[in-house]
Amino acid sequence: MQFFRYIPLMGVVFLIYNLVAWSHPDPVNAFWPRILLLLSLPSGASLGISYSMAFISLAMLMLFLELVKSTTASNVVMIEQLFSTLVFIAFLIQFLISPRVAEPTFFALLVISLVEMLAGYIILLKVSRKDISIR
């Protein structure tokens with residue numbers, strides 16, 4: 001079970017996105033904009049949630065879970081941060097060199113990955129500083 005602590009959740013998002021992007025003939029125009037769920041609001045308006053918005057929402061949930069994971073003071077957190085950095089680098093390199101992912105959904109995922117990496121380092125420094133002052 002401890003093995004799953006090392007897996008960066010944004011890495012899972014990266015893999016799922018790539019499975020969709022490389023298996024679908026035209027993900028930018030045909031897959032991501034499609035409506036996944038249509039909600040009727042009490043106001044009478046309808047809200048269409050696209051695959052893109054649902055996937056970005058999933059990434060935001062993963063961001064929250066990663067931030068919760070990074071609040072513990074242990075050696076595992078440093079390894080997790082290394083993996084988060086590698087995931088961000090993978091997002092960045094793919095965004096810069098692959099025209100297939102040059103679209104808003106992937107850019108939003110890239111920004112979420114950047115926020116997760118930077119916030120993880122800041123939390124790691126704060127938790128480490130408190131751990132040192134307690135001892």
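Just so you know, all these numbers are worked out from the coordinates, no wet-lab data involved. None of the values given here were measured: they were computed from a predicted structure. A quick note on method: Cβ atoms are made from the backbone with ideal geometry, for glycine too, and the neighbour counts reach across all protein chains shown.
Projecting the Cα atoms of Trp32, Ile79, Val127 onto the charge dipole of the chain, computed from C-beta unit charges around the Cα centre, puts Val127 farthest toward the positive end.
Comparing mean-square fluctuations of Leu86, Leu61, Leu38 from a GNM of the chain with C-alpha springs under 10 Å, the top value falls on Leu38.
Against the set (i) 21, 19, 14; (ii) 32, 19, 12; (iii) 84, 12, 7, the structure's computed semi-axes √(5λ) of the Cα gyration tensor in Å falls on (ii).
Highest mobility in the GNM of the chain, judged by mean-square fluctuation with C-alpha springs under 10 Å and restricted to Leu82, Leu63, Leu41, is found for Leu41.
With contributions of -39500 (n - 2.57) from each DSSP H run of at least four residues, the per-residue ellipticity at 222 nm computed over the chain stands at -22500 deg cm²/dmol.
With each label modelled as a point 7 angstrom along the Cα→C-beta vector, the Leu65-Val127 pair spans 1.7 nm.
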